[in-house]
Amino acid sequence: MSAMTKSDGGKQILISTFYLGDTLMGIDTVCVQEVIRIIEMTTVFHAPEHILGIINLRGRIVTIVDLARKLDLFESQITPDSRIIIVQWNDEYVGLLVDRIHDAVYADRNNFIPPPPSIKERQGHFLEGVYNANDHLMAIVDVDKVLADTDK
Amino acid sequence: MTVMDDEILKMYVDESREHLANIEADLLAIEDRGADIDDELVNKVFRAAHSLKGGAAFLNLIRIKELAHKMENVLDMIRARELVPNPEVINILLLSFDCLREMINSVDTSNDVDISEFVVSLTGLTAANLPVAEKQSVSNMVDIALPDGRIVMHISEFDLNHAQMGGQFIYLIVYDLLNDVQRLGKTPLDILKNMIEAGVILESVVDMGAIGTLDDEPSRLFPFYILYGTILEPDIMPGFLQLDGNAIRKITVSPLTAKPAAQPETIVAKMPAAREDIPPPQPEQGSTNVTEKTKQERKADTSQETSLRVNVQLLESLMNLAGELVLGRNQLYQAIAQNEARAIKLAGQRISIVTSELQEAIMQTRMQSISNIFNKFPRVVRDMAKNLGKEIILNIEGKEVEMDKTIIEGLSDPLTHLIRNSVDHGVETPEIRIQADKKPAGTVNLRAYHGAGQVNIEISDDGKGIDPQKIVAAAIARGLVTSEQARIMSDKEKMAIILLPGFSTAEKITDISGRGVGMDVVKTNLDSLGGQVEIESEIGKGSTFRIKLPLTLAIIPCLFVSAGDERFAIPQANVEELIRIRAAQIKEKIELVGAAEVLILRGKMIPILNLARALGMPRTYPAPPDGGREPERRIQIANRRSRVSALFPEAKTAVVDGFGENVPSAIKDMSNDQSKRLTGDRRFHAVSDLNIVIVTSGAFEYGLVVEGLHDSIEIVVKPLGRHLKALREYAGATIMGDGKVALIIDVNGLAALSGMTSLAGTTRAMELADESRRDNFQDIQSFLLFSNTPEEQLAVPLDLVQRIEQIKAAEIEKIGGRKVMQYRGVSMPLFCVNDVVGNIHPVPDQKDYIVIVFSLTGKEVGLLGTTPLDITEVKISLDRTTLKQKGIMGSTIIGKHTTLVLDMHELVETAFPELFAERERLVQGMDKDFTILLAEDSEFFRHQVTKFIESAGYKVFAAEDGMAAWELLQEKEKEINLVVTDIEMPRLDGFGLARNIRANRRFAHLPIIAVTSLAGEDDFARGKEAGIDDYQVKLDREKLLKSIITFMRRLKDVAERQDT
């Protein structure tokens, strides 16, 4: 069973927000397990480019995805602010590397607007929508789509 | 059913499974014995059916009850020797048991199963074997009624009559489930079991009709009626059953209140086979239908079994260990609180021990005997053989081998397929077998055994074998491999093609074993279990499928290696051996075949793969240089080499081959020289020693070049996330002691990814193998090293040495200017090397000496020395010029020292010319106009023997192996009079050469003398067979010469006789 059980439409959902570069983004907090600091990673050679490696999270092997790269933005640099958002997805944990953790905000799914057409098709595909929180535009990432996409 | 506890049902199902577990084997054993009934065995099966029936009746599983009952009847007849258990009968029983098993497995729906087919067959069996008078009784039903007239059950007259035979009493017993059963803490099954011990349960029923309303008397709420046949007398019944006498009623059949059942017609209609005119059951038809069904069911079977029986003792030990663990934890806490390093360490050790014991014990709970799956194969083989018209004997070995439950479960399908494959495609029909001069009955062997921390399973047959050429042809036709690829494949690899997806299923779709899974599925299944398949086959002789499996999947021993900055684990099961190639030897050991590097290991070609490169890791050492960077590298290699040489002194011979005294500079020069060649040849660029892990991936081995070798540790395998599942090069990951994650290498996947195939078979590979074999043969010689003075190291060929004696100076006598000593009752002449050879330090005067005893020309002589140093086997390369003088063959480097190799013959001949008088006599008067062909691959010996024969005045043509000798012989046919040959030679050995000579009319007359280092009886016989006339030990030149002269003389005599 997918843990991405989305909060009921129309109701307020809690969005965890973070930055990829200067872009504010968010994911539904329902699927977030925890946020950790960067720990030592084991590189998996021959893995897709957006897979940074694997880590040991309390005895589980967790795959770390470079979210920025997956979204065709840029290749992440690891800085002291970098964090890994551990999300639960299909019975396994996956880590998403982000540049900076920001805030958690409530949002109404009904107020999501479709990604503007200027966004590349590929990125648009991975976005659930764009949300305007206090005059800040925030791209809501569809974790299921991002993780289920195994090409590249 | 509503009132029955689920738990009882579950218990019944579990027990029934146990009863059914070995039924097949027992039935097959009964079939084998035929009319010679083993009561014990039949009883066992009977009891199984009976127990099933008893419980089923109680649980209202009517179909199971009915079927079990019918089977019971048949078994009873077998037991009473009224029915011979022929294959027909057993077949029906087997199928019925299959059906029972299905019903037990899905017990909830068992009442909906249509069992009429079996009932008909079984009833047919019983009826067909009954006297006509009794036949009707099978279908006649009798009602059993209570005194109040209420009918509680029906039973066939036949059963009732049968039960009464042999003086049995029949009782109708009523238990109250509440008062008599539940309150005593028993279950109805317990009661039934108890009763089965002493008799037969004809029928049992829970009388639902008697269950009254709430207003009724509460005493008899759940009457449970059992119709019971036993030999127990009425008076002991209450005691036996722990029941009140009122609850037991004896029933007599003749004045039975029974009348023919009310609706016999309906029953008869259901069981038409009871009639005489019904043809006997047709097992062939039945079997095909039913086996199909069972196959599907069986799969469900394994998945359903979720509970596990654990030995109580094991459970106890688990409890103990858990206690120990708690104790250990407490100790640890205490120690930490007190901050005592020693105590912490102790507690840590304790916990470590307990943990590993706990791990082992828990693993054991998962262990199951492989008999669980092996037991079904006699049946599988029997059924298939029957369908295919073959005779097959199945031998099973190693049923007791235990493996992890998951592996056992996963193994069932692939093994079944392989067995079916052997029966279907392997073993031929009796007619064909007889034509092929084999026994009509084929054999399939199934064997499980432990080996090297793994479980090995072998399925072998003595059938027609697999033709690799046919497989390749088919594979090429299907486009699975190109003919180019096929050309370089070894037979083993060709055989492995049948495991490729798209091969087997395509070909065998119409065959029995092609149904269900194909061979590629076998491979996939086994891969997922961490197993490997190997196929061996000889056309006409049979095939063997060998499967290697880990004992358990969760924890496996792995070898840790490093490449780049990463550590990787390689399952120990894949590791064949570890090889370190010293930098100095890389050139010799690693060759380029096409674009691939291969390692030459003991004459075998093993492709190698650099792990870091295969995984696309950034290199950690400089890329191969172009000319510009050479100087720097050269120094590096030289440095490395000298360091290595210090570590591995034996490497010296390789490094300084052929150099004289000036050792240090020689090493340097040589190293530089080699490095130049290394880079020049672009052969191999690594600058250091190579660590190679030889891994096996089923069909072939390859070498994995890694940077570092670490420990072998038992690791817990963790699966990789979904994003990485597609990577075939990894089998998973594990967490190391430091918390870091290491990837586990999948040896098969990595090989496939690198497009690797073994290279045996390519022409170039053959050449290389040849060369390396030649290398192996070359000049490996054992020497005894000793010294006269500490500065000088001398060597004599060990073959010539008889004994080494330690003597006191006083034992040496000097007589007539000669040294002698008493040795085994005669005086043996002694000499020192310096007596003959100038420029050699004389043996200093001391208290103890060694005497090396030689036997030459049948006499023993002793060589005096001071200290024996070593016996060593080296590949020598003699420098014949630098230190050459009489009595010295030359010099070489052994163990860092320049060593003089003594020529014993020359020495002795010079020291004691009188010993050779006899030879002189022989040689004199001989015609010197003889030519000898010498075949000898060792340069050392070739040189020695040539020189020696020439010194006797004959002409010698020397060839470096049998093939060269054979060519030379064709060329110089006219000149050659005799052949002297070594036995072990590359390309063509001595036996081969002798056979060639004998087979050719032009040469058949030539005498052949074989020289060998060691001749055993076997060799001798083989030599005679090949046409060798005489055997001489290498280096015993006197005897060899005598032999040559003897043959020459004979030839001369023949020639003279022809002349006259």
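The values are calculated or read from the model by the stated rules, or taken from the named source; none is laboratory data. Since the model is a prediction, treat every value here as computed from it, not as a measurement. Backbone-built Cβ (ideal geometry, glycine too); neighbour counts: all protein chains shown.
List of remarks:
- Being at pLDDT 80 or above and either not in a helix (DSSP H, G or I) or not assigned by TED's automatic domain parsing to the domain that holds B:Thr931 (or both) is a property that B:Ala964 lacks.
- The range B:789-805 residues that are within 16 Å of B:Val908 (Cβ to Cβ), paired with ones that are surrounded by 16 or more Cβ atoms within 10 Å (Cβ to Cβ) and among the basic types (Lys, Arg) (beta carbon under 8 Å, 6 or more apart): B:Asp799/B:Lys1034
- Tally, over the range B:841-867, of residues that are among the polar types (S, T, N, Q), modelled with pLDDT under 75 and in a loop (DSSP other than H, G, I, E, B): 1
- Selection from the range A:37-47 of residues that are in a loop (DSSP other than H, G, I, E, B) and at the interface with chain B (Cβ under 7 Å from one of its Cβ atoms): A:Glu40, A:Thr43, A:Val44, A:Phe45, A:His46, A:Ala47
- Residues that are within 12 Å of chain B (Cβ to nearest Cβ), within 29 Å of B:Arg613 (Cβ to Cβ) and not in a strand (DSSP E or B) occur in the range A:59-82; there is at least one.
- Check on B:Arg101, touching a residue at least 60 places away in the same chain (Cβ under 8 Å), of a type in the set (Lys, Arg) and in contact with a helix residue (DSSP H, G or I) (Cβ under 8 Å, 6 or more places away or on another chain): yes
- Test for B:Leu100: is it assigned to a helix (DSSP H, G or I) and either out of contact with any strand residue (DSSP E or B) (no Cβ under 8 Å at 6 or more places or on another chain) or more than 30 Å from B:Asp6 (Cβ to Cβ) (or both): yes
- Residue list for the range B:105-123, filter: buried (at least 24 other Cβ atoms within 10 Å of the Cβ) and not hydroxyl-bearing (Ser, Thr, Tyr): B:Phe118, B:Leu122
- Counted residues, the range A:48-58 - those being aliphatic (A, V, I, L, M) and more than 7 Å from every other protein chain (Cβ to nearest Cβ): 2
- Residue in the range B:68-76 that is under 17 Å from B:Phe118 (Cα atoms) and polar (S, T, N, Q) present: yes
- Within the range B:697-743, restricting attention to residues that are within 14 Å of another protein chain (Cβ to nearest Cβ) and at positive phi, the residue that is surrounded by the fewest Cβ atoms within 10 Å (Cβ to Cβ) is B:Gly739.
- Residue check: B:Leu95 meets all listed conditions (1) part of a helix (DSSP H, G or I); (2) surrounded by fewer than 24 Cβ atoms within 10 Å (Cβ to Cβ); (3) touching a residue at least 40 places away in the same chain (Cβ under 8 Å) but one, namely (2).
- The lone criterion from (1) at pLDDT 90 or above; (2) more than 15 Å from the chain's Cα centre (by Cα); (3) away from every other protein chain (no Cβ under 14 Å) left unmet by A:Gln12 is number (1).
- If the condition is being more than 38 Å from the chain's Cα centre (by Cα) and over 26 Å from B:Ser204 (Cα atoms), then the range B:37-65 contributes B:Ile37, B:Asp39.
Each row is one residue, and each column tells you yes or no for (1) under 18 Å from B:Phe58 (Cβ atoms); (2) in a helix (DSSP H, G or I); (3) in the same structural domain as B:Val13 (by TED's automatic domain parsing); (4) at pLDDT 70 or above.
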site	(1), (2), (3), (4)
B:Val174	yes, no, no, yes
B:Arg183	yes, yes, no, no
B:Met195	yes, yes, no, yes
B:Glu203	yes, no, no, yes
B:Tyr228	yes, no, no, yes
B:Leu232	no, no, no, yes
B:Leu256	no, no, no, no
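- Filtering the range A:75-121 to residues that are aromatic (Phe, Trp, Tyr) and within 20 Å of B:His723 (Cβ to Cβ) leaves A:Trp89, A:Tyr93.
- The residue that is farthest from the other protein chains (Cβ to nearest Cβ), counting only those in the range A:92-125 that are in contact (Cβ under 8 Å) with a residue 60 or more places away in the chain and acidic (Asp, Glu), is A:Asp108.
- Boolean, B:Glu632 is modelled with pLDDT under 75 and either of a type outside the set (Phe, Trp, Tyr) or not assigned by TED's automatic domain parsing to the domain that holds B:Val717 (or both): yes
- For the range B:12-33, the count of residues that are over 38 Å from the mean Cα position of the chain (by Cα), within 30 Å of B:Leu178 (Cβ to Cβ) and buried (at least 24 other Cβ atoms within 10 Å of the Cβ) is nonzero.
- Test result for B:Leu922, under 26 Å from B:Thr1012 (Cα atoms) and modelled with pLDDT under 70: yes
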